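Worksheet for the structure shown next.
The values are calculated or read from the model by the stated rules, or taken from the named source; none is laboratory data. This is a predicted model, so every value here is computed, not measured. Every residue, glycine among them, receives a Cβ derived from its backbone with ideal geometry; neighbour counts consider all protein chains shown.
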Amino acid sequence: MDASSVAIGDDPPALRAACRSGALGGITAGLAMGRVQANLVILPQALAFEFLLFCQRNPKPCPIVDVTDIGDPEPARIAPGADLRTDLPRYRIWRDGVLDGEATDISDLWRDDFVGFLIGCSFTFENALRAAGLPLRHIERGSNVPMYVTDIACAPAGRFAGPMVVSMRPVPRRRTVTAVEITGDYPRAHGAPVHVGDPAAIGIGDLDRPDFGDAVPVDADEVPMFWACGVTPQAVIMNSRPDIAITHAPGHMFIADLADQELRG
């Protein structure tokens, strides 16, 4: 079931309960407007410090919102009572850097040495963009936001290294400054865009062929704007090949109790 067909409203606990029950298995774009959404990376404790250092060195694609205690699936600081094993619509399981499948419940995979990282998501600032009258093409079309692997290298940390992933939203040419100003107020949700304009300048060959998510049209009076994306760790996992990692499926985010304003700079 996709997000548009779930009549739950914007209540984060209800949305998480819908994920837990299997009633919500689709993308979360357009849900819980005004609340924080987060990317997820789960790694063994032995890799947690290196990954935390990677996030510290790459705050645009990997702004930390919360880190769980070792072996504890509850992100208590941003969603008390939530469970990272069940409360996302869809997960990806990675073994040695290779996608080994997807799941809607990872309880049977959970380990006592796992650490969960919740990373800021650009879905968080979309309520502010919408309030300013800026278009959100992927929400208008009921699709996922398009995401692309770029040739922008992240700063390495230990074994973690790889390219930055970006999300793209078309913005009317006359409103680009507004979009920069609005999103720049949300540094823990990726902040201002990393690039505006020609996609080839950051290594994107074809906007109609995103690496993750769904393509959306860019009209003649619009400019493609690119924000650092929390799917970056998945590209890094493919490059760095940890023995086990679990992430959200792109666009299938964790919905926290925090108001979006709490991630403003």
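The table for this structure:
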| quantity | calculated |
| --- | --- |
| Matching strands (runs of 3 or more DSSP E) fully within region 146-265 where at least 1 residues are among the acidic types (Asp, Glu) | 147-153, 222-228, 254-259 |
| Which numbered condition Ala132 fails, given (1) modelled with pLDDT of 95 or more; (2) closer than 18 Å to Val216 by Cα | (2) |
| From the options Ile64, Ile78, residue that is in contact with a Phe, Trp or Tyr (Cβ under 8 Å, 6 or more places away or on another chain), surrounded by fewer than 21 Cβ atoms within 10 Å (Cβ to Cβ), more than 12 Å from His248 (Cα to Cα) and modelled with pLDDT of 95 or more | Ile64 |
| Complete set of residues in region 25-78 that are among the aromatic types (Phe, Trp, Tyr) and touching a strand residue (DSSP E or B) at 6+ places or on another chain (Cβ under 8 Å) | Phe51, Phe54 |
| Answer residue from region 81-92, given it is of a type outside the set (D, E, K, R) and not in a strand (DSSP E or B) and is surrounded by the most Cβ atoms within 10 Å (Cβ to Cβ) among those | Leu88 |
| Where Ile244 falls short, out of the listed (1) outside the structural domain of Asp112 (by TED's automatic domain parsing); (2) more than 15 Å from the chain's Cα centre (by Cα); (3) in contact (Cβ under 8 Å) with a residue 24 or more places away in the chain | (1) |
| Matching residues, region 107-124, being under 14 Å from Thr28 (Cβ atoms) and of a type in the set (Phe, Trp, Tyr) | Phe123 |
| Subset of region 1-27 [at pLDDT below 90 and outside any loop (DSSP other than H, G, I, E, B)] | Ala3, Ser4, Ser5 |
| Residues that are touching a helix residue (DSSP H, G or I) at 6+ places or on another chain (Cβ under 7 Å) and part of a strand (DSSP E or B), drawn from region 93-102 | Ile93, Trp94 |
| Whichever residue in region 37-64 is in a strand (DSSP E or B) and within 11 Å of the chain's Cα centre (by Cα) and, among such residues, is nearest to Asn127 (Cα to Cα) | Gln37 |
